[in-house]
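Comments concern the structure below.
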Amino acid sequence: MLRHPDVGREPAAQPPARFPVHDELFDRTDRLHQLVTEITATGGTAATRRLDVTEAADVQDFVAAAQERYGRVDVMVNNAGVMPLSPLEALRTEEWNRMIDVNMRGVLHGISAALPVMRAQGGGHIVNIASVGAHEVSPTAAVYCATKFAVRAISEGLRQECAGDVRVTLVSPGVTESELADGIADPAARAAMRTYRAAALPASAIADAVAYAISQPSYVDVNEIVVRPAASAR
């Protein structure tokens with residue numbers, strides 16, 4: 001269950017020389033099959049597997065399947081996220097819990113599944129996708145930003161604990177073309193987001209940031225990247 005289908009798609013669609021093997025996941029099955037077809041047609045290797053990042057066992061099975069298929073798990077990108085913005089006084093507690101489950105627990109589940117494998121094989125790279133909301137807070141985004149602040153803190157803690165073994169990168173996108181804002185049910189927040197998203201990055205910009213981080217030599221650990229539209233003041 002992935003709520004950044006376009007951002008998630010772009011890293012897998014990079015040339016095979018940069019991304020030779022992929023297990024990619026979205027919440028759109030048709031896009032998965034299309035992406036696999038595109039990658040294999042250009043000489044790459046791709047496979048799909050659907051999962052729910054809020055279920056730890058599901059993520060464990062996903063990583064185990066990738067390891068069994070390819071022999072290793074070199075990179076884990078924790079990209080799933082939801083953003084149903086609303087004022088706290090709206091008391092949309094189910095939406096709060098959903099953000100906590102997907103945005104924060106989903107990352108922890110990804111780490112718990114991939115980290116032991118990477119430790120055992122002697123290395124790997126965990127990339128967590130956060131947001132500029134991990135660096136600032138705005139009205140209607142308190143809970144969303146809280147989850148992204150948490151991802152930033154988790155990433156830094158993981159980096160310190162794994163120094164010299166598993167590399168850790170936090171990528172914080174600004175406004176990016178995706179379906180992330182489609183889940184906003186609060187009318188005022190939804191209207192404000194349409195204005196806010198007037199200037200947006202293509203998903204390929206985030207893919208390039210991920211590619212840059214994981215393509216560095218093993219002795220280089222790119223810890224944090226913030227990517228915003230040049231026209232954005234925030």
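The values are calculated or read from the model by the stated rules, or taken from the named source; none is laboratory data. Keep in mind that this is a model prediction, so the values were computed, not measured. Ideal geometry is used to build each Cβ from the backbone, glycine not excepted, and the neighbour counts take in all protein chains shown. Ligands, DNA and RNA are excluded from the accessible area calculation, which covers all protein heavy atoms including side chains. Shrake-Rupley method; radii C 1.70, N 1.55, O 1.52, S 1.80 Å.
With respect to R49, is the statement that it is in contact with a Phe, Trp or Tyr (Cβ under 8 Å, 6 or more places away or on another chain), open to solvent by 10 Å² or more (accessible area, probe 1.4 Å) and either basic (K, R) or at pLDDT 95 or above (or both) true?
In short, yes.
Conditions: (1) at pLDDT 95 or above; (2) open to solvent by 10 Å² or more (accessible area, probe 1.4 Å); (3) hydroxyl-bearing (S, T, Y). T147 meets all but one. Number of the miss?
It fails just one condition, (2).
Could you please find all residues in segment 107-141 being in contact (Cβ under 8 Å) with a residue 40 or more places away in the chain, open to solvent by 40 Å² or more (accessible area, probe 1.4 Å) and assigned to a helix (DSSP H, G or I)?
L108, S112, R119, Q121
For segment 161-183, what are the residues that are farther than 16 Å from N79 by Cα and either touching a Gly at 6+ places or on another chain (Cβ under 8 Å) or β-branched (V, I, T) (or both)?
Result: D165, V166, R167.
Yes/no matrix, rows are residues, columns are (1) crowded, with 16+ Cβ neighbours inside 10 Å; (2) touching a helix residue (DSSP H, G or I) at 6+ places or on another chain (Cβ under 7 Å); (3) acidic (D, E):
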{"position": "P202", "(1), (2), (3)": "no, no, no"}
{"position": "A205", "(1), (2), (3)": "yes, no, no"}
{"position": "S218", "(1), (2), (3)": "no, no, no"}
{"position": "V226", "(1), (2), (3)": "no, yes, no"}
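Is there a residue in segment 159-167 that is buried (at least 22 other Cβ atoms within 10 Å of the Cβ), charged (D, E, K, R) and in a helix (DSSP H, G or I)?
The answer is no, given that none of the residues of segment 159-167 is buried (at least 22 other Cβ atoms within 10 Å of the Cβ), charged (D, E, K, R) and in a helix (DSSP H, G or I).
Please specify each residue of segment 57-86 satisfying the condition of being crowded, with 16+ Cβ neighbours inside 10 Å and of a type in the set (A, V, I, L, M).
Within segment 57-86, V59, V63, A66, V73, V75, M76, V77, A80, V82, M83, L85 meet the criteria.
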